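The next block holds one structure in the form of C-alpha cells; read it before the comments.
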Amino acid sequence: MKFSLKFEIKKISLVVFTMPMLTLPVSNDLSNKIYEKKLDTENGKVIYRDLLIGKDDFFASKCLIKTTDKINLISLRQQKMDIHTAVLKNDIKQVKQLILSKADINVKESMGGSTPLISAAVFGRTEIAKLLINAGAKLNIQNNDGSTALTTASFFCRLEIVKILLHKKADKTIKNKYGQTALETIQAPFIDAKPVYDMLGSALSPLGLKLDYAHIEKTRPIIAKILK
C-alpha cells in the first residue's frame, strides 16, 4: 500500500510522499515453528501440528511445544528486523545492530523508493537519522517522487534533521519530479498547506506519523529561512 498524490492548492504544488505499509513476515526456518493445538480424536489426546508461517526476514517470537503432559512456552531465535521496519518502529537498538552488521543503510523500500534516511525524516526519527547519517548514509538519494531526505525533513518540519543534513552538505538545489526544491515545498502559507497535512495525518498515522500543527506552522518559516 502506498500514497503518492499531488495536490494543487492555490497553484502551489505539494507532494504526499510515498511510504510502504508495515508488514511483519515470519521466518520459515525449520527450527522456527509455531504449533497448533489439535485434538487427536482417535486416541482422545491433545497433539500439536507445526505451522510454518510465511517466510522472509522478521521474527517468530515464541512457539508452543508439547512435553509429557504440559505445554512449555519457549522463545525462538529472533532474526534481524528489516531496516525500514526498524525505522518505522523507532527501534534505535535494532538500527544500531543493523549498522554494525554492515546492512545496506541506503536500500530503498519497494513501494515508494524511500531510503531509511528518508523514512526517518518523514516520521521524525531524529536519533535514527543521526545514526544513519553518521554511518555514511547517502544524503541525496531521491525516492519515486524525486524527494530527498532534505525535502521530506523540510516539509514535515523536522528542524534538527534539516540542520544536520545541511551541516553535512546535503544538496538543497535538488528538485522533485514536480520541479520543487526543499525550499519550494514549504514556501506556501501554512493555511494553504494544511489540507495536505490533514491527508497525510489521516493516511499515515497507522504507521506512526504524528503531526503537531502548531509546531509545523511555527517551524515552516524558520526552515524556509535557513534553506535560502
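The lone criterion from (1) free of Cβ contacts under 8 Å to residues at least 60 places away in the same chain; (2) surrounded by fewer than 24 Cβ atoms within 10 Å (Cβ to Cβ) left unmet by residue 125 is number (2). The residue pairs whose first member lies in the range 72-98 and is buried (at least 17 other Cβ atoms within 10 Å of the Cβ) and modelled with pLDDT under 90, whose second member is part of a helix (DSSP H, G or I) and of a type outside the set (Val, Ile, Thr), and whose beta carbons are closer than 7 Å, counting only pairs six or more residues apart or on different chains, are 81/94. Between 119, 147, 110, the distinction of being farther than 17 Å from residue 225 by Cβ, in contact (Cβ under 8 Å) with a residue 24 or more places away in the chain and surrounded by fewer than 19 Cβ atoms within 10 Å (Cβ to Cβ) belongs to 110 only.
Report yes if residue 174 is under 18 Å from residue 126 (Cβ atoms) and β-branched (Val, Ile, Thr), otherwise no. No: the conditions fail for residue 174. Inside the range 142-177, residues that are at negative phi and in a loop (DSSP other than H, G, I, E, B) make up a count of 17. Do we have any residue at all in the range 173-188 that's within 23 Å of residue 90 (Cβ to Cβ), among the aromatic types (Phe, Trp, Tyr) and touching a residue at least 12 places away in the same chain (Cβ under 8 Å)? Checked against the condition, which is being within 23 Å of residue 90 (Cβ to Cβ), among the aromatic types (Phe, Trp, Tyr) and touching a residue at least 12 places away in the same chain (Cβ under 8 Å), the range 173-188 yields no hits at all. Against the condition among the small types (Gly, Ala, Ser), over 16 Å from residue 123 (Cα atoms) and in the same structural domain as residue 128 (by TED's automatic domain parsing), how does residue 153 come out, does it pass? No; evaluated as a whole, the condition is false for this residue. Of the residues 105, 92, the single one that is of a type outside the set (D, E, K, R) and touching a Pro at 6+ places or on another chain (Cβ under 8 Å) is 105.
Considering the range 190-215, and only residues there that are exposed (fewer than 13 other Cβ atoms within 10 Å of the Cβ) and not in a helix (DSSP H, G or I), the residue that is modelled with the lowest pLDDT turns out to be 210.
Might you let me know whether the range 216-228 holds any residue that is surrounded by 15 or more Cβ atoms within 10 Å (Cβ to Cβ), in a helix (DSSP H, G or I), touching a strand residue (DSSP E or B) at 6+ places or on another chain (Cβ under 9 Å) and not small (Gly, Ala, Ser)? Within the range 216-228, none of the residues are surrounded by 15 or more Cβ atoms within 10 Å (Cβ to Cβ), in a helix (DSSP H, G or I), touching a strand residue (DSSP E or B) at 6+ places or on another chain (Cβ under 9 Å) and not small (Gly, Ala, Ser).
Consider the range 146-189 and keep the residues that are more than 18 Å from the chain's Cα centre (by Cα) and small (Gly, Ala, Ser). The one that is farthest from residue 209 (Cα to Cα) is 179.
The values are calculated or read from the model by the stated rules, or taken from the named source; none is laboratory data. Given the structure is predicted, the values throughout are model-derived calculations rather than measurements. Don't worry about glycine lacking a Cβ; one is built from the backbone with ideal geometry, like all the others, and counts go over all protein chains shown.
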